[in-house]
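Asks: Handing you this structure, nothing more for now.
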Amino acid sequence: METAVLSAVLRTLGPKLYAFLRDGHDLLRRDLERDVHYIRNELAMIAAAIEEHDRRPPPAAGDVRSAWIRGVRDLACDMEDCVDRFVHRATGHGLASMGARAKFAAVIQELRRKSEELSRLRASYAAAAGEPSCWVATGSSALTLPASSSEAHTLASDIVGMDGPRDEILELIGETQGQLKVISIVGFGGLGKTLLARQIYESDAVAAQFHPRIWVRAAGKNAEDVLMEILQQLGMPVHHCHASNLVVNLRNCLESKRSGHLFFVVIDDMQREYWNSSFRNAFPSDTGLSSIVIVTTAIQSIANACSSRNSHVYVMRTLNEEHSRQLFLKEASWKDYPPGSEAILKKCDGLPLALVTTAQFLQSRCQQQPLGCAKLCDNLGKHLVTEDTLARMKRVLVHHYSSLPGHVIKACLLYLGIFPSGHPVRRKTLIRRWSAEGFVGADHHRSSLDVAIDSFEELVNRSIIQPVDVSSNTEVKTCQTHGMMLEFILHKSICDNFITFLYGQARLPDKIRCVSIQQNSGSKTRVDSDIDLSLVRSLTIFGKAHKSFLNFSRYKLLRVLDLEECDELEDEHLKKICKRLLLKYLSLGRGITVLPKEIAKLKFLETLDLRRTVIKFLPIQVLELPCLIHLFGVFKLQDADQQMRKLKSFLTEKSKLETLAGFVTDRCQTFPQLMKHMTNLAKVKIWCENTADASSSSNSDVHLSEAIQEFIQRGTDVNDVRSLSLDVGECSQEFLNFSLGDSCYLSSLKLKGNKICRLPPFVTSLAVLTDLSLSSSDRLSSDVLAALSNVRALRYLKLIARHLDRFVIERGDLQSLRLLHIVVVSMTTMSKQQPEIQEGALPNLESFHLLCKDLDGPCGHGGIRIDSLGLGCLREIVLDDGVRETAKEQWKDAARRHPKRPKVVFVGAGDVVDRRRVGAAAAAAPAAGESNSAVAPAAVASVVAAGDVKRPAREESDISAALASLPAKMARLLGAASIHQSSGTQGELSCGGNGASQRHFS
């Protein structure tokens, strides 16, 4: 098993065994207490030893230390197997007999003996060999130097797709007036950040305007080293001293040269955040001269820190298809793609360094035959490790991996290898799976969930995970990693026996623990009934699988089972699945129609995902699962009248359920009554189904109203993340006409319905509500925005309707709002006046979406004062492509006069586009914005007509379904708008300060 994964698991294994013995197994715990205590300590020592070993450069082949580490790995795997078998036996059959307890005691004592032998070996090795001095450097520091320089060396003579980014940044530099401007260029290694900075640095415009010009590489250096190098290039005598003294010296030097001179500094490949602590005060910002500092980095938090004051963050994007083709053919010296090479281009994923090195590798091998290209493509991960031509790409990938802080986050990254290439992965699914696999555990300050979330955000921060789709509150919804990074992950995972691919993997390991079955992972199908699957902890199936792999009785120790995309899953498989007693995560697909009562056996189950199934009724046994935290699907509850008292007691006292998304209410009152007793609930999604029986409907509404009130009132901690999503369909919203006290906390509220027309009164009492979405297939009253003026914490507001009354946002309203997203077919015909946003309103707005084909220019009757909207942070304005041409010109002209020059993008109907390649809508729009001529000028009405959304079976109008799907539809529209603008453009511009965040709105 890969050491990062092994170390992460070992950190949680000992405490898990100890906790299991403590909870209800006192007799066995007393028998084994000394041995278990020893094992627990030894597991921690093994994990520490593995981490310490991995921080050192690889020893020579045959090294005793390497042999010891292999022995430690084997011991750790045996320990994990022993613990899981122990827990499985105790859960399923009990350990009452003396013989059973003696057997497990003997196994643990044997493991202790092996551990002691390895400890003696370690001691003997340390005494005989000592610690070689060459092991002082860490793996990451040894790999920091070549990444950016290799970009420049590789690409300088063959520049493709850089003209747009270069011109845009030069335009920014030209607009600088009397102040220091910091421009951060951020992105994954190999995108060409250094090359872009070099082009700007050496441009005629910069050479003529700026003096002095300074270029310094920061990779592997601390703040003092970088400051000293800058001073040296300025011709100043340099002596080793504290950073604060160097800051003063540099500032004095630059101020002494400022009479008529503008300085231009490039700090290339900054890998540590020392801007705020050192560099901020080194560069004078109040000289009255327009000086420039450019920083390149792969870490977004560094980019944001450097560009926090009146500055900009430029996000590098991959090359589009045309530029990728051009660069690849040029480097391979080919006139056209040979058959079979398209797959290689897909794996390069628009990454310039990957395109260059792969093309040169193929050219050196003279591989222009289809079979040769396909073979090289299948073994690209291996070639990355062994071939000198690909060494520069390898250095970038190894650096990104090795520089990750700790084994937990490395294990989380390697886990992405389970998913097929090009397969978007849901963020929340990934986080829950990490937890179920045992990679993350709670520490002194954070829960295991918080550790998982922090790991994900750090991978995004380091540009390794790329957002594909982003929600309206800037949270990543789905993601991928770069194609070449995935190749690196796959090769490392297979070589270290972390992931096994039963189809297409030439040689299978003796012990298989993590399995991914992918329909297209190889042309050869391996079906071997002798494969031992008893140690498999994780099984994920995409597409088809041989029936022998669907015999779930073979997987004795299964913890994670993801069958969401399994094509051949049937109800009959559930009987054996329900006997996999150690399951923590279970996701089922569309072949499942009924959930059996035997689901009650899964006592350790934490996540049950039924969203892809066609299950209509949920057995009550699911709600009685003692460890269940997350429950997903669209279902009603089976008749539970006779067990309501017992069920209510369990939910109140023992249930851990936090997510219920979600259930359908009709005349049955069971779910609302039970919801009152789910005291740990933090996220709820509810669909209301209309019934013909008025009396039953009235009673149900009363119970649902009470349940919703109690759910909101339980939120008493301002730091809790709590959300409510409610789709009332054809039902009236009268049951929401209640008020609340001042100390109720709800962070997110989503309301949909055909008859939603006004804001429920309780919303204005939600002091910390940050995310609000209202969707109606009819008309929204202008009173909605007026009522929201009292919701001080609101940051993200989305209004979707067929018609919207004219609204006015006054000065002082919605001070905290970051995103305002309004989608309407038309303004109401009763008033021809346009919406009005007064001067000084929405001071912190970053993204403004107003999609209505009837919209006039921003300065009509009252109008929208763009020039004062989000003065320090507005970065994008998104409008309907169906507005009149004169109105488009007015909006673009107003945007040009705004201090931050936000992008103006006009969107219509389009295909789904990967946001990794184009970013937000503002990513590629030139100047102050241009219309999207390549996109059909379809109004929002055409989008509405095309909508579709999964809902409970009931009649609803086309417009209702369309409006329900508009948030996702708009994300696709923004992608479509951007991709046509991206010709010649490789990056995205974002404002600094509050606007420096790179978590794009959708």
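Asks: Considering only protein heavy atoms, with the full assembly of protein chains and a 1.4 angstrom probe, order ARG507, ARG714, ARG40 by accessible area, largest first.
Replies: Result, largest first: ARG507, ARG40, ARG714.
Asks: State the volume of the convex hull built on the alpha-carbon positions of the range 164-278, expressed per residue in Å³ and rounded to an integer.
Replies: Looking at the range 164-278, the number lands at 111 Å³ per residue.
Asks: Here's something else I'd like to know. How much length, in nm to one decimal, is gained on full extension between ASP530 and CYS241, taken as 0.36 nm per residue of separation minus their Cα-Cα distance?
Replies: Length gained between ASP530 and CYS241: 97.3 nm.
Asks: Sticking with the crude label model, points 7 Å out along Cα→Cβ, report the distance from ALA44 to SER285 in nm, one decimal please.
Replies: Taking the simple label geometry, ALA44 and SER285 are separated by 4.5 nm.
Asks: Moving on. Mind giving me the nanometre distance, one decimal, between the label points for THR886 and ALA123, set 7 Å out from Cα along Cα→Cβ?
Replies: Each label point is offset 7 Å from its Cα along the Cβ direction, giving 9.2 nm.
Asks: May I ask you to give the solvent-accessible area per residue for the range 377-466, in square angstrom, as obtained with a 1.4 angstrom probe?
Replies: Accessible area per residue, the range 377-466: 34 Å².
Asks: Note the full-extension length gain between LYS575 and HIS261 as 0.36 nm times their separation in residues minus their Cα-Cα distance, in nm to one decimal.
Replies: Full extension of this stretch gives 105.2 nm more.
Asks: Leaving out ligands, DNA and RNA but keeping every protein chain, what accessible area does VAL883 have, in Å² rounded to the nearest 10, with a 1.4 Å probe?
Replies: Taking all protein chains as shown, VAL883 has close to 10 Å².
Asks: Would you mind checking which residues have amide H under 5 Å from LEU605's amide H? H placed 1.01 Å from N; only 5 or more apart, or other chain.
Replies: CYS627
Asks: Under a crude label model (7 Å from the Cα following the beta-carbon direction), how far is ASP783 from GLU175 in nanometres?
Replies: With each label placed 7 Å out from Cα toward Cβ, I get 4.2 nm.
Asks: I'd like the FRET efficiency for GLN326 and ALA391, computed as 1/(1 + (r/R0)^6) with the beta carbon distance as r and R0 of 30 Å, rounded to 0.05.
Replies: For R0 = 30 Å, the calculated efficiency reads 0.80.
Asks: With contacts defined as alpha carbon pairs under 8 Å and 6 or more residues apart, what's the relative contact order of the range 162-315 in percent?
Replies: It comes to 41 percent, rounded to a whole number.
Asks: Please compute P(r) over all alpha-carbon pairs of the range 321-395, binned at 10 Å starting from zero, and give each bin as a whole-number percent.
Replies: All Cα pairs considered, the percentages come to 21, 61, 18.
Asks: If you take the beta carbon distance between ASN379 and ASP336 as r and set R0 to 25 Å, what does 1/(1 + (r/R0)^6) give as a FRET efficiency, to the nearest 0.05?
Replies: 0.60
Asks: Something else: Quick one: ranking ARG513, ARG433 by accessible area, 1.4 Å probe, largest first, what do you get?
Replies: Largest to smallest exposure gives the sequence ARG513, ARG433.
Asks: Nearest 0.05, what FRET efficiency do LYS544 and VAL248 give at R0 = 45 Å with Cβ-Cβ as r?
Replies: Efficiency for this residue pair is about 0.10.
The values are calculated or read from the model by the stated rules, or taken from the named source; none is laboratory data. Computed from a prediction, not measured in an experiment: that's the story for all the values here. Cβ sites come from the backbone with ideal geometry, for glycine too, and all protein chains shown count toward neighbours. Just so you know, the surface numbers come from the protein's heavy atoms only, side chains and all, with ligands and any DNA or RNA stripped out. Shrake-Rupley method; radii C 1.70, N 1.55, O 1.52, S 1.80 Å.
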